[in-house]
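The next block holds one structure in the form of structure tokens; read it before the comments.
The values are calculated or read from the model by the stated rules, or taken from the named source; none is laboratory data. As the structure is a prediction and not an experimental result, all values here were calculated from the model. Methodologically, a virtual Cβ is constructed for each residue, glycine included, from the backbone with ideal geometry; neighbour enumeration extends over all protein chains shown.
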Amino acid sequence: MGEIIQRSKYEKDFIERTYSSIVTDISIAFSELVANSWDAGATTVSITLPEKRGDEIVIEDNGTGMTDDEFQQRWMVIAYNRVAHQGEYIEYISSKGKAKRLAYGRNGVGRHAMFCFNDQYQVETWRDGKCNKYLISIDGGDSAFSVLEHSIFDKAGNGTRLTVKAIKKQPTKSEVMRTLRYRFLFDPEFSVFVNNEQIEFQTNIAPTVSKEILLKSKAKIKIDIYQIPDGEKTTATNGIAFWTGARLVGNPSWNIGNTRVEDARRKFALRHLIVIEADHLIDDVFYDWSRFNNTEKVNEVFSAVIHFVREFRGEYYKGKVAEVRKDVIKNNIDRIETLSIPSLYDLKNFFENYLEQKPEVDTDELNIIVNALISVLQSRNGLSLLEKLAEMDVDDIDTLNRFLDEWSVTDIKDVLDEIDRRLKVISAIEQLCSDSTTDELHVLHPLISQAKWLFGVEFDNPNYTFNRTLTTVLQTLLKGQRNENVDINWSKRPDLAIGSDFTLSSTCTEEADENEIFVISKVLIIELKKGGFTIGRKEMGQAEEYVDSLYKGNKLNCKPKIKAFVVGDTISEAISTKKTQEDYGEVYAYTYRQLAQTAGKRLFNLKDKLTTHYQALIEKDYLSEILEEPRQMELKLAE
């Protein structure tokens, strides 16, 4: 090894910049100074605080003290490695004789806490009948701090006394006592006094839960949960507190790493202090004890604690949640009973998920949310998914099952709900068309003209909508047949034309042409004849005329594909039920009963396939599940 030519030097603010939290935060500073006394084997620490700025702060303990050689090797070495030189444990004299305890010190930085109050401080340390007295000062240059004065005198016993003038900061008694009370666990062999008043560490509250958890790494952690009395709810007394070697790491908090375990404003958070004892993490503590370093051992503990606390929190709220849930359901039971199976399923999921996230919600708040949710659920249907189903052959079981496997249970429920709604429409049509007293204009015709899915898969499409140009052209064609004096709101149904013996509806789809201009691409015409009407050659010819006029009349400025349906009570045996006009038009004749039966057959077939695939959906009583109890349904008996 060559001769040293030059040694490194220090900036005057080296300690302040390197160990900023220790020399700027009063709570960390006192925690470090008391921890130093613990590591010195002290059983008693006495802190004297000044009445005014500039007076002295004195910290004295009855630890082992140091000789001058030990002081030079330990106190005067930057980042002194206590474990390497003195081991992990401290030997001290307890009330029962010699004893051992785990040392806090690891990085040799705690002594710098004296610089939190002034740039100079005094150390007196004695053992073996001799006391060494030092005046320490921040220096800069050849060293980070230096001894300005050193004297030796006789003194019996052992211990250390630190003295500093409170120039930079002036601590208060209440602040120091509160800080230390919650940063060290109770030990009968360790007492701390502030201005002659002993700090009472947490011994008066018994934990409501105490559990030891064995981790995958075989390390153990202990979890104690304390319920905080009403008078003590502060940020120092609630949260998750990690302790290593009977000392608090950081501050109690409801955040663990980047995970928020609980909202600190909630009742659960305000009422609980959760203490985690993890002595095996002592080598993973950050130098100022404000947090842990990011290591695998630490992350393993964090994961286990997060899981445990969330489970405990769920159990804590369980009874209250059930009560609030039941009250809200009973308040809204009349509206809930009107919901479909899919909607009940979603309401059940909402209760489970929302109450898990916010179990402290009260009845009034949840009532408002559930009311709004019920309104949304009542307006929802499964149209978009049913449209996709309608495009495939439901007899192709493999394709159907593959398609269904990609859906969620909620998706299937939506479709079943929409199918049930459509089957009710079909049932209504069958009943109305055979009832001579039916108001066809206001009941039957609007029902059919709005249910375009009755006429086939391709029309089960929300893109078939009203078009003003199309309607104007048809009104011209129907001139003389259209009855304007009927009792109907034309602004709501501009697609309709009403005659003496018919109702005609026209809708279309549009698409962009080569010039990116939207033009009509497909036209659907539905002509519904009055009850008792027989569709004959004249009616089919009239429909063909509509198709020809629309296609060849150039009024639409495009050449769309057109399909027309004529629906009546009966069809003449002398006519064909389908007419094709070149490649642009088709005209069909149906009876009301045929229309309903054809659509119904397809829907029943589809429903059978769905319920076979998801049989469990039909068998569950979601209303009872929501109520979390069997429910006696009320039967309305005829009088």
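So which residues in the stretch 311-332 are of a type outside the set (Ser, Thr, Tyr) and surrounded by 14 or more Cβ atoms within 10 Å (Cβ to Cβ)? Quick ask: steps written out before the conclusion?
Within the stretch 311-332, the subset of a type outside the set (Ser, Thr, Tyr) is 311-315, 318-332.
Answer for the stretch 311-332, where residues must be of a type outside the set (Ser, Thr, Tyr) and surrounded by 14 or more Cβ atoms within 10 Å (Cβ to Cβ): Phe312, Arg313, Lys320, Val321, Val324, Arg325, Lys326, Asp327, Val328, Ile329, Asn331, Asn332.
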Given the options Ser8, Ser37, Ser27, name the one that is at pLDDT below 90, assigned to a helix (DSSP H, G or I) and hydroxyl-bearing (Ser, Thr, Tyr).
Ser27
Which one of these is of a type in the set (Asp, Glu), out of contact with any Pro (no Cβ under 8 Å at 6 or more places or on another chain) and either closer than 30 Å to Asp25 by Cβ or not assigned by TED's automatic domain parsing to the domain that holds Gly63 (or both): Asp128, Asp142?
Asp142
Can you find a residue in the stretch 504-512 that is at pLDDT below 80 and out of contact with any Asp or Glu (no Cβ under 8 Å at 6 or more places or on another chain)?
yes
By residue number, the members of the stretch 113-132 that are in a helix (DSSP H, G or I) and in contact with a Phe, Trp or Tyr (Cβ under 6 Å, 6 or more places away or on another chain) are Met114
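Yes or no: Glu91 in a strand (DSSP E or B), surrounded by 18 or more Cβ atoms within 10 Å (Cβ to Cβ) and either in contact (Cβ under 8 Å) with a residue 60 or more places away in the chain or not assigned by TED's automatic domain parsing to the domain that holds Ala246 (or both)?
Values: in a strand (DSSP E or B): yes; surrounded by 18 or more Cβ atoms within 10 Å (Cβ to Cβ): no; either in contact (Cβ under 8 Å) with a residue 60 or more places away in the chain or not assigned by TED's automatic domain parsing to the domain that holds Ala246 (or both): yes.
No; evaluated as a whole, the condition is false for this residue.
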Taking the stretch 515-547 and the residues there that are surrounded by fewer than 15 Cβ atoms within 10 Å (Cβ to Cβ) and closer than 20 Å to Asn467 by Cβ, the one that is modelled with the highest pLDDT would be Glu545
Exactly one condition in (1) closer than 24 Å to Ile152 by Cβ; (2) crowded, with 19+ Cβ neighbours inside 10 Å; (3) modelled with pLDDT of 90 or more; (4) not small (Gly, Ala, Ser) is false for Cys116; which is it?
(1)
Taking Ala574 as the residue in question, decide whether it is surrounded by fewer than 22 Cβ atoms within 10 Å (Cβ to Cβ) and hydrophobic (A, V, I, L, M, F, W, C).
yes
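Of all residues in the stretch 327-345 being assigned to a helix (DSSP H, G or I) and more than 14 Å from Asn371 (Cα to Cα), which is farthest from the chain's Cα centre (by Cα)?
Going residue by residue through the stretch 327-345, those that are assigned to a helix (DSSP H, G or I) are 327-331, 333-336, 341-345.
Subset that is more than 14 Å from Asn371 (Cα to Cα): 341-342, 345.
On the way: Ile341: 26, Pro342: 23, Tyr345: 20 Å.
Selected residue: Ile341.
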Would it be correct to say that Arg161 is within 30 Å of Thr125 (Cβ to Cβ), within 42 Å of the chain's Cα centre (by Cα), of a type in the set (Lys, Arg) and not assigned by TED's automatic domain parsing to the domain that holds Val275?
no
Could you list, in sequence order, the residues of the stretch 2-26 that are within 11 Å of Val109 (Cα to Cα) and either hydrophobic (A, V, I, L, M, F, W, C) or touching a Lys or Arg at 6+ places or on another chain (Cβ under 6 Å) (or both)?
Ile15, Ile22, Val23
Residues of the stretch 273-284 being crowded, with 18+ Cβ neighbours inside 10 Å and in contact with a helix residue (DSSP H, G or I) (Cβ under 8 Å, 6 or more places away or on another chain), which ones?
Ile274, Ile276, Ala278, Leu281, Asp284
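Residues Tyr226, Tyr287: which one is crowded, with 19+ Cβ neighbours inside 10 Å and of a type in the set (Phe, Trp, Tyr)? Spell out how you get there, then give the answer.
Working: Tyr287 fails: crowded, with 19+ Cβ neighbours inside 10 Å.
From the options Tyr226, Tyr287, the qualifying one is Tyr226.
Can you report the number of residues in the stretch 312-335 which are in contact with a His (Cβ under 9 Å, 6 or more places away or on another chain) and among the hydrophobic types (A, V, I, L, M, F, W, C)? Can you show your working first?
Residues of the stretch 312-335 in contact with a His (Cβ under 9 Å, 6 or more places away or on another chain): 312-313, 316.
Retained after the next criterion (residues that are among the hydrophobic types (A, V, I, L, M, F, W, C)): 312.
Selection size over the stretch 312-335: 1.
Hey, among Leu635, Leu617, Leu610, which residue is outside the structural domain of Leu478 (by TED's automatic domain parsing), over 30 Å from Phe502 (Cβ atoms), in contact with a Lys or Arg (Cβ under 7 Å, 6 or more places away or on another chain) and at pLDDT below 85?
Numbers: Leu635 fails: in contact with a Lys or Arg (Cβ under 7 Å, 6 or more places away or on another chain); Leu610 fails: in contact with a Lys or Arg (Cβ under 7 Å, 6 or more places away or on another chain).
Exactly one of Leu635, Leu617, Leu610 is outside the structural domain of Leu478 (by TED's automatic domain parsing), over 30 Å from Phe502 (Cβ atoms), in contact with a Lys or Arg (Cβ under 7 Å, 6 or more places away or on another chain) and at pLDDT below 85, namely Leu617.
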Which residue pairs have Cβ atoms under 7 Å apart, sit 6 or more places apart or on different chains, and have a first residue in the stretch 346-373 that is surrounded by 13 or more Cβ atoms within 10 Å (Cβ to Cβ) and a second that is among the aromatic types (Phe, Trp, Tyr)?
Lys348/Tyr622; Pro359/Tyr317; Glu360/Phe268; Glu360/Tyr317; Leu373/Phe350
Matching residues, the stretch 182-198, being more than 11 Å from Phe30 (Cα to Cα), modelled with pLDDT under 90 and surrounded by 17 or more Cβ atoms within 10 Å (Cβ to Cβ):
Tyr182, Phe184, Leu185, Phe190
Across the stretch 94-119, the tally of residues that are without any contact (Cβ under 8 Å) to a residue 60 or more places away in the chain and out of contact with any helix residue (DSSP H, G or I) (no Cβ under 9 Å at 6 or more places or on another chain) stands at 6
